[in-house]
Amino acid sequence: MFSENKAIRQVCDLDIRFLSTKMPFLFFHTANTTTTNISSESVFATAKGNKRISFQDPMDGTFTVEAQVYPFDIYSLMSDGLIDTTAAYAMIRDVECTTAGQLEIGVGLGQSIQAGTVFAYPADDFGGTQIRGTFISDTFVSDITADLIVGETYTVGFMVVDSANVRKIAFNNERLPKDYYITALTVEKDEDGFLTPFKQIFYKAVAQRNFEITFSSEGDPAILTVTFDLMEDKNGEYVDFIEVYEDDYADMLVNSEELLLTYDTNILVGRTQKNKISY
C-alpha cells in the first residue's frame, strides 16, 4: 500500500471516557503538550558471549499531558473522578458591632457556620488577643459586654460549610483513580499541505497520584502535569495509532498502482475539504 510522508505539529485533544462503560468523562482541548512514552527492554541469549537470540519484555508506557489552561474537572483524574457539591473551608470577615457585646455574622444561602470554630479579635489583630465569647444562631456574644463596642469593627474567623456555591475534589487514601479509555486526537500534514486525522487509542489508562502544581505571582502561569500509566485491557489491547482517510481517498488506497497514476492535487482536495478536518 502506498504511504505518504507526513509530519505532525499539533498537540492532541483528549476524549477521556470511563473504561467500564465508555461513558464520556471529559473532552479536553487546551493542552500544550501530550507525550506518549512506550518502552520494552530486550534480553538476549548468548553463545560464547555473543548475542544470538532476543526476547522482549512486556511493554511499559505512560501518556503525559501538560496544560496551563484547563477545566477544574481535570484534577479529579488524580482522585476518583467524582466532584462533590459540599465543602468546608475557613473564612475571615470584618464585622461592625451594632449591638454592644454582640457581632452578627451572616453567611450566604446554603452556607452554615460550624459550631465551635468562631474566633473574634480586634481589627488588625487577627490571631492576637482573642475576645472570648459564645456563638449562637449567627451571633457572637462576648463574655464581657464591654469587649465589643458599638461602631467598632472586629475581625472574625470561622469555618463555613457550603453546599450551594462549591465544587470539591477530595484527595485521600479512600478515593482512588479510575481506569479510563483515552483517545488522543490530532492531525497529520503531508508534503502537499493536506491534513488527515491521526488518533492514538489508549485502551486502559490510570492517572498517577503524584502531581505538582506551583502558583506564582511572577513568571509563567501555573503548569499542570498529569501522567497516565498505560495498561493492557482484558482483551489484550494496549495502544493503537490510527490514520483516518475520507471515503474517496480510502478507495484510492485499494490499489497502489492506481494511486501512483492518479495522485494529484485535485484528488487530494476531496478528502480534506480545504483542510477543514473533523475528528
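Miscellaneous remarks
- Within the stretch 161-189, considering residues that are in contact with a helix residue (DSSP H, G or I) (Cβ under 8 Å, 6 or more places away or on another chain) and surrounded by 14 or more Cβ atoms within 10 Å (Cβ to Cβ), the one nearest to T36 (Cα to Cα): Y180
- Qualifying residue in the stretch 45-64 (condition: touching a Gly at 6+ places or on another chain (Cβ under 8 Å) and surrounded by fewer than 17 Cβ atoms within 10 Å (Cβ to Cβ)): no
- Of all the listed residues (I105, I113, I83), the sole one being among the hydrophobic types (A, V, I, L, M, F, W, C), under 24 Å from N165 (Cβ atoms) and in contact (Cβ under 8 Å) with a residue 60 or more places away in the chain is I83.
- Residue that is nearest to I8 (Cα to Cα) [pool: residues in the stretch 24-58 that are in contact with a Lys or Arg (Cβ under 9 Å, 6 or more places away or on another chain) and touching a residue at least 40 places away in the same chain (Cβ under 8 Å)]: L26
- When I201, I277 are screened for being outside any helix (DSSP H, G or I), modelled with pLDDT of 90 or more and of a type in the set (A, V, I, L, M), only I201 passes.
- Test set (1) out of contact with any strand residue (DSSP E or B) (no Cβ under 7 Å at 6 or more places or on another chain); (2) free of Cβ contacts under 8 Å to residues at least 60 places away in the same chain - S20 fails condition number: (2)
- From T129, T134, residue being exposed (fewer than 13 other Cβ atoms within 10 Å of the Cβ) and part of a loop (DSSP other than H, G, I, E, B): T129
The values are calculated or read from the model by the stated rules, or taken from the named source; none is laboratory data. Keep in mind that what you see is a predicted model, and the values were worked out from it rather than measured. Methodologically, a virtual Cβ is constructed for each residue, glycine included, from the backbone with ideal geometry; neighbour enumeration extends over all protein chains shown.
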